[in-house]
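Below: the structure, in structure tokens.
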Amino acid sequence: MTPLPLRDRIRARVGDRLPLWLQLRCGLEPRALAAVAVILLVAVGFAVQQFVSGRPEAVAAPEVVSSAPAPPPGPPAAAPSPTPSAVVVDVSGKVRDPGVRRLPAGARVEDALAAAGGVRPGADTTGLNRARVLVDGEQVLVGVPQPATAPGAPVGPGGGTTGPGVPVSLNTATVDQLDGLPGVGPVLAQHIVEFRTTRGGFRSVEDLRQVNGIGERRFADLRALVRP
């Protein structure tokens, strides 16, 4: 049997796939089949175009802009020096309760006297400035006669005088000044200060004998170098 030409085979296959109503109407004429094939191709092309156009497009990510590097931190600012919140003073002499007192910063001599129980009756407060602002570490003497300053002698921190040949005042000298005396160390100097605080001051050089740690020999060495 002679095989059908390629055109006839295509026509037969296309005719088999067409609906029955279309086969009857077109009568499987070559022109009709060609028209149907063109329509099918156009439909397929349109479908392919719609599919391609409907695909999502890739969107490029935006470039990351690097920020400028932060400047190196500078040296930390120096912290302000803390303001002292309290002062410690030694109130001694003719007060009811002598001793070391801790008072708020800015307190005055009057506040120190009140903290020590007040001035004893009959105490001489002439020359005592009660309105003066207290300084940390100072000593407030009440009713104790202040030694006269020798002409030309320098005034020490405790209110007494220092220098060659000038006796050290037992009532106003600081621990450092007493420590400078021969045979007196920091411990003995502290005992002298504690004695005058407890007893209200030295009334005479002889009172030095009652200080703990001072014997007859040491008293003999200090007698000419100190005064009340």
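The values are calculated or read from the model by the stated rules, or taken from the named source; none is laboratory data. Here the structure is a predicted model, which is why all the values come from computation and not from measurement. Cβ atoms come from the backbone with ideal geometry, glycine included; neighbour counts cover every protein chain shown. Quick note on the areas: whole protein, heavy atoms, side chains included, nothing else; ligands and nucleic acids left out. Shrake-Rupley method; radii C 1.70, N 1.55, O 1.52, S 1.80 Å.
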Using the beta-carbon distance between GLN210 and VAL175 and R0 = 25 Å, what value does 1/(1 + (r/R0)^6) give for FRET efficiency, to the nearest 0.05?
-> 0.85
Go ahead and run the numbers for FRET between ASP221 and HIS191, Cβ-Cβ distance against an R0 of 22 Å, rounding to 0.05.
-> 0.85
Report the calculated FRET efficiency for ARG9 and VAL42 (r = Cβ-Cβ distance, R0 = 25 Å), to the nearest 0.05.
-> 0.60
Provide the solvent-accessible area of VAL166, counting protein heavy atoms only and rolling a 1.4 Å probe, rounded to the nearest 10 Å².
-> 40
The simple spin-label model distance between THR198 and THR125, using points 7 Å out along Cα→Cβ, in nm, is 2.7
How much accessible surface area, in Å² rounded to 10, belongs to the heavy atoms of THR125 with a 1.4 Å probe?
-> 40
Spelling it out for VAL226: with amide H atoms placed in the peptide plane at 1.01 Å from N, the residues 5 or more places away or on another chain with amide H under 5 Å from its amide H are VAL168
Can you put VAL184, VAL42, VAL119 in order of accessible area, largest first, using a 1.4 Å probe?
-> VAL42, VAL119, VAL184
Rounded to the nearest 10 Å², the 1.4 Å probe accessible area of ARG108 is 110
With a ≥ b ≥ c from the Cα gyration tensor eigenvalues, square-rooted, and the rule rounded for a/c under 1.5, otherwise prolate when a/b > b/c and oblate otherwise, the stretch 181-228 is oblate
